[in-house]
Amino acid sequence: MSLALDDCSDGELAALALSGRQSAYTALLGRYREPIFRVVRATIGDEDAAVDVTQEAFVSAFAALKSYDANRPFRTWIARIAINKCRDWARRRSVRRFFSFALPIEAAAHIADDTITAYQQISDRAELARVQAAIAMLPQAIREPLVLRTIEGMTQAEAAQVLGISEKAVETRLYRARGQLTELLRD
């Protein structure tokens, strides 16, 4: 990424991308790939599938870049697209599950970290997997605000904008999500 593109606003990058400057697409991708991946991974609970869904979200966003309003945050616009891609993924998954009656294969490949003990790694991974599984079990309507606010750190207004609901609805759904998550994680 050139220094000049680093200084551009999201709206300027979108305009440059639409004018054919490939490096502007790369700059937008660089800014938002990780945050969008975190949203997708937390929403669908499958890290391998999250890579694909994140890629689908960016492909769709770049294809629809003409509809982006440069006066609004690109982050919320792409997050909304990503949430919709997660919903599509969940629908496809439920259809496949219905026909195959098979559970998804969970990836268990992890790279060891020498700075902590093996026991601590196992314990941390187990707890993380337990929390991710609990979040994935939450109904979609309350899981999405939880992911956007708690994991992605969006404001209540941003989460409301991404989900197309009121800020009060985000607050209510967060309260319900936290209550259900507490129940699911209770020992």
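Worth a mention:
- Matching residues in region 134-165 - criterion: being of a type in the set (D, E, K, R) and on the phi > 0 side of the Ramachandran plot: none
- Considering residues of region 18-59 that are surrounded by 16 or more Cβ atoms within 10 Å (Cβ to Cβ) and among the small types (Gly, Ala, Ser) only, the residue farthest from the chain's Cα centre (by Cα): 24
- Pick from region 137-187, criterion within 19 Å of residue 38 (Cα to Cα) and among the acidic types (Asp, Glu), ranking: surrounded by the most Cβ atoms within 10 Å (Cβ to Cβ): 144
- Listed here are the helices (runs of 4 or more DSSP H) enclosed by region 1-45 that have at least 2 residues being free of Cβ contacts under 8 Å to residues at least 40 places away in the same chain and farther than 25 Å from residue 85 by Cβ: 3-6.
- Helices (runs of 4 or more DSSP H) lying entirely in region 101-187 (those with 1 or more residues that are at pLDDT 75 or above and basic (Lys, Arg)): 118-137, 140-146, 167-185
- Near pairs, Cβ below 7 angstrom, 6+ apart or cross-chain, from region 153-178 (over 18 Å from residue 82 (Cβ atoms)) to any residue that is loosely packed, with under 13 Cβ neighbours inside 10 Å: 167/157
The values are calculated or read from the model by the stated rules, or taken from the named source; none is laboratory data. Note that this is a predicted model, so its numbers are computed, not measured. As a convention, Cβ positions derive from the backbone with ideal geometry for all residues, glycine included, and neighbour counts pool all protein chains shown.
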